[in-house]
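S.K.: Here it is: the structure, laid out below.
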Amino acid sequence: MKNILLCVTGSIAAYKVADLLRLLQQENKNIKIIATSSALDFVSELTLKTLSHNQLCTDNNSTGLEHINLSRWADIIVVAPLTANTLAKISGGFADNLLTQTILAADTDKIYIAPAMNTQMWHNKIVQKNLKKVLKNNKFHLIAPIKDTLACGEYGIGKMAEIKDVVKIIIKKKQQGLKGKKIIITAGATIEPIDSVRFLSNYSSGKMAYAIVSDCLNQGAEVLIVEGKTDNLPNPAIDKQSKKRLKIIKINTAEQMFNKVMENIKTCDIFISVAAVVDYSPVNPATNKIKKTNKNIQIELKPNVDILKEVASLSDRPFCVGFAAETENLQKNATAKLKNKKLDLLVANDVSKKDIGFASDDNAVTLFYGKETKKLPKNKKTIIAQQTINTMILLYKQQK
Ligand SMILES: Cc1cc2nc3c(=O)[nH]c(=O)nc-3n(C[C@H](O)[C@H](O)[C@H](O)COP(=O)(O)O)c2cc1C
């Protein structure tokens, strides 16, 4: 499959097509774009033309038989974002612009739709009826919208699916390098109680771990996440098949994380420690809230168990991958950790930089394995996760 026809309609999500284009281009696809005149109110003709490296088709430059030519040229047609308006037109068989004409002229089994709209619009019975019609009668493929805070400020279903998921679904990458493998991934930050209302923790958001989980699922693995405090992240499984292969256990403290990991480690092939486990915890957390006074107080801390080191020292140990957050001497500290903890792969990132690491969507890491290092320059965490997992699979296969 090479030719993708990307159809853009007038939703606030139209600006995301720039990212969608970039990811599809990274997959070496030929892309042509159709934009409705309303879409061009949201994203400029110049932007689309420049980014597509190819034809931008609009109602103004259509040559007459464009709808037939485009529908034959395309191996896949994806309408992203799809407005309630264009959905209604398609379900009613209207053909009053280039986009709807092309859809009517195309084989329906190659059409993917990614709706995006306000949550009340989405739940409106008319919209749902139109949707059912195109899914049932025409067998279009739905890339379902997700629940989140929407551009209008309301919360609910209606946000267009994440771009990376749109790409995964339309390209249906058959990468199954981890098929049948059981993987435990720790995620987020542990929280160590000081008293009944306060705790020690860190800024980890769980985003990197979830990107890793998502890629492992995409590669066919069965994944158990043992997770502490994370941001309100969407489920990392993008389809029903992946969801069936995912289990999540929530914990608070490092000790609880350790116990849950150990309970499940025997049947695990690969252990990936992404969580930012708090290194120390209060020796005697107070059962009630510590009262405020004007005096200094001291909280005695004890070192927490090093979960990764314990797992890597097991006699029948799984393949072990660690993540290290460093603020200085990255190379030296990472090499020492790889050796001391006897890891198969260490992913080190410099969290002193504000635009990468912890809560950011981007990251830049260096992979350390054996005597080798591989730098993965700044990119979306989802892309860094894919590159990391690809290397991990190669190393894992070499070892087996
Ligand atoms: C600021 C703004 C944002 C909009 N966002 C959406 C949206 O996300 N989804 C939607 O279905 N309609 C949205 N609309 C309404 C569409 O733009 C409108 O129905 C338009 O006629 C759609 O044209 P098209 O389907 O031909 O592209 C929005 C309108 C405005 C003014």
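S.K.: Packing-wise, with mean Cβ within 10 Å as the measure, how do 81-87, 54-60 rank, highest first?
M.R.: Answer by packing, highest mean first, reads 81-87, 54-60.
S.K.: Here is a further query. Rank Asn390, Asn118, Asn232 by mean-square fluctuation in a GNM of the chain with C-alpha springs under 10 angstrom and give only the top-ranked residue.
M.R.: Ranking Asn390, Asn118, Asn232 by mean-square fluctuation puts Asn232 first.
S.K.: Okay, next question. Quote the accessible area belonging to His67 in square angstrom, nearest 10, computed with a 1.4 Å probe and with ligands, DNA and RNA left uncounted.
M.R.: Rounded to the nearest 10, the figure is 40 Å².
S.K.: Would you please put 204-211, 242-249 in order of how densely packed they are, using the mean number of other Cβ atoms within 10 angstrom per residue and starting with the highest?
M.R.: 204-211, 242-249
S.K.: Something else now. Helix-only estimate, please: 222 nm mean residue ellipticity of the chain, summing -39500 (n - 2.57) across DSSP H runs of length 4 or more and dividing by its residues, to the nearest 500.
M.R.: So the calculated ellipticity at 222 nm is -9500 deg cm²/dmol.
S.K.: Now a separate question. What distance in nm separates the two pseudo spin-label positions at Glu154 and Lys129, each 7 Å out from Cα along the beta-carbon direction?
M.R.: Those two pseudo-labels are separated by 1.9 nm.
S.K.: Could you point to the residue in Leu65, Ile146, Thr102 farthest towards the positive end of the range 3-171's charge dipole, with +1 and -1 charges on the Cβ of Lys/Arg and Asp/Glu respectively?
M.R.: Towards the positive end, the residue furthest out is Ile146.
S.K.: I would also like to ask the following. Can you give the FRET efficiency to the nearest 0.05 for Glu300 and Leu142, using r as the Cβ-Cβ distance and R₀ = 60 Å?
M.R.: Efficiency computed from Cβ-Cβ geometry: 0.60.
S.K.: Follow-up question, since we're still on this one. I want the antiparallel fraction of DSSP beta bridges within the range 3-171, as a percent rounded to 5.
M.R.: That works out to approximately 20 percent antiparallel.
S.K.: Here's a follow-up. If you find the alpha carbon centre of the range 321-344 and of the range 123-168, how far apart are they in angstrom?
M.R.: Using only Cα atoms, the two centres lie 43 Å from each other.
S.K.: Using the heavy atoms of the protein chains and a 1.4 angstrom probe, tell me the accessible area per residue for the range 3-171 in square angstrom.
M.R.: The answer is 45 Å² per residue.
S.K.: Quick one: among Gly322, Gly158, Gly93, which has the greatest mean-square fluctuation in a GNM of the chain with alpha-carbon springs under 10 angstrom?
M.R.: Result for the chain, Cα springs under 10 Å: Gly93 fluctuates most.
S.K.: At what distance in nm do the modelled label points of Asn264 and Ile171 sit from each other, each positioned 7 Å from its Cα along Cα→Cβ?
M.R.: According to this spin-label approximation, the distance is 2.8 nm.
S.K.: Give me the one-decimal nm value for the distance between modelled label points at Asp109 and Lys179, 7 Å along each residue's Cα-to-Cβ direction.
M.R.: For Asp109 paired with Lys179, the spin-label model returns 2.1 nm.
S.K.: Given a 1.4 Å probe and every protein chain left where it sits, what share in percent of the accessible area of the chain is carbon and sulfur?
M.R.: Accessible surface attributable to carbon and sulfur in the chain totals 50 percent.
S.K.: Now a separate question. Put +1 on the Cβ of each Lys and Arg and -1 on the Cβ of each Asp and Glu in the range 213-280; which of Asn259, Ala221, Ala276 then has its Cα farthest toward the positive end of the dipole?
M.R.: Value computed over the given set: Ala221.
S.K.: Filter the trypsin sites (Lys or Arg not before Pro) in the range 66-160 to those in DSSP coil with at most 13 other Cβ atoms within 10 Å of their Cβ, and list the result.
M.R.: Taking the range 66-160 and a limit of 13 other Cβ atoms within 10 Å, the loop trypsin sites (Lys or Arg not before Pro) found are Lys139.
S.K.: How much length would be gained if the chain were fully extended between Asp362 and Tyr15, taking 0.36 nm per residue of separation minus their Cα-Cα distance, in nm to one decimal?
M.R.: Taking 0.36 nm per residue and subtracting the Cα distance, the gain is 123.0 nm.
S.K.: Cut-off 10 angstrom, C-alpha nodes, Gaussian network model of the chain. Which of Leu314, Leu376, Leu70 fluctuates the most?
M.R.: Of the options given, Leu314 has the highest mean-square fluctuation.
S.K.: Select from the range 278-364 those GluC sites (Glu not before Pro) which occupy a DSSP coil region and have at most 12 other Cβ atoms within 10 Å, ordered by residue number.
M.R.: The qualifying sites are Glu300, Glu328.
S.K.: Mean Kyte-Doolittle hydropathy of 0.0 or higher plus an axial Cα length of 30 Å or more: which whole DSSP H helices in the chain meet both?
M.R.: none
The values are calculated or read from the model by the stated rules, or taken from the named source; none is laboratory data. These figures come from a predicted structure and were not determined experimentally. As a convention, Cβ positions derive from the backbone with ideal geometry for all residues, glycine included, and neighbour counts pool all protein chains shown. All accessible areas refer to the heavy atoms of the entire protein, side chains included, with ligands and DNA or RNA removed. Shrake-Rupley method; radii C 1.70, N 1.55, O 1.52, S 1.80 Å.
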